[in-house]
Amino acid sequence: MRSRGVALLLLLAASAARAQLPLGGGVPAVPPAPPDPAALFRGQCGTCHTTVANASPRQGPNLAGVYRRKAGTLAGFKYSGAFGNADFVWDDDHLNALLTNPQVLLPGAVMVYRQANPTIRQAIIGWLKEQH
Ligand code: HEC
């Protein structure tokens, strides 16, 4: 009998936790702790990208000053053909689309990355804007 009571309590706790989520989304309105964008960039992008001005590109182009730069135009970086028709500058919307799924924004792009969590995408984009 006692274990049934515990199970009921757990069930109540679980539905209480669910009730705090905003309608229609799986992301809590208030994240437990704000993500540290520099650490996010290092962890999620740093293997392939640097933001140290004038440093040589890695697998991907140097992202110093990428915000408002025209896509596919870093001198000396050999982009894939996917960038051939990329006629836009990197702003919030384009960066958000790229980080969500590069293949949708630029079919054939060789950037192997996807981020489903909008909070993480926004943190990285906000931080990228500051990197000149
Ligand atoms: C596994 C390696 C890899 C990871 C991880 C990665 N990228 Fe990339 N990224 C690339 C490559 C390679 C390209 C060039 C793609 C091409 O030529 O098709 C690129 C291109 C880009 C571009 C276009 C830049 C320009 O000059 O037009 C941006 C912006 C970008 N990445 C941002 C990011 C961000 C921000 C992250 C982390 C959230 C990230 N990337 C993670 C490899 C990566």
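The values are calculated or read from the model by the stated rules, or taken from the named source; none is laboratory data. Since the model is a prediction, treat every value here as computed from it, not as a measurement. Note that each Cβ is placed from the backbone with ideal geometry, even for glycine, and that neighbours are counted across all protein chains shown. For accessibility, only protein heavy atoms count, side chains too; no ligands or nucleic acids. Shrake-Rupley method; radii C 1.70, N 1.55, O 1.52, S 1.80 Å.
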Within the stretch 104-118, restricting to residues that are without any contact (Cβ under 8 Å) to a residue 40 or more places away in the chain and near the ligand (Cβ under 6 Å from one of its atoms), the one that is farthest from R58 (Cα to Cα) is A109
Taking the stretch 92-114 and keeping residues open to solvent by 50 Å² or more (accessible area, probe 1.4 Å) and of a type in the set (A, V, I, L, M) leaves V104, V110, M111, V112
Note on the stretch 45-62: residues touching a residue at least 60 places away in the same chain (Cβ under 8 Å) and more than 6 Å from the ligand (Cβ to nearest atom) are T51, A53
Within the stretch 89-103, restricting to residues that are near the ligand (Cβ under 10 Å from one of its atoms) and within 12 Å of the chain's Cα centre (by Cα), the one that is farthest from G126 (Cα to Cα) is P102
- Task: Report yes if some residue within the stretch 71-88 is away from the ligand (no atom under 11 Å from the Cβ) and within 14 Å of the chain's Cα centre (by Cα); otherwise report no.
- Result: no
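Considering only the stretch 63-75, how many residues are closer than 18 Å to L106 by Cα and either open to solvent by less than 40 Å² (accessible area, probe 1.4 Å) or in contact with a Phe, Trp or Tyr (Cβ under 9 Å, 6 or more places away or on another chain) (or both)?
Step one: list which residues in the stretch 63-75 are closer than 18 Å to L106 by Cα, which gives 63, 66-74.
The next check asks that each one be either open to solvent by less than 40 Å² (accessible area, probe 1.4 Å) or in contact with a Phe, Trp or Tyr (Cβ under 9 Å, 6 or more places away or on another chain) (or both); those that pass are 63, 66-73.
Number of matching residues: 9.
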Within the bounds of the stretch 26-44, is there any residue that is within 10 Å of the ligand (Cβ to nearest atom) and of a type in the set (V, I, T)? no
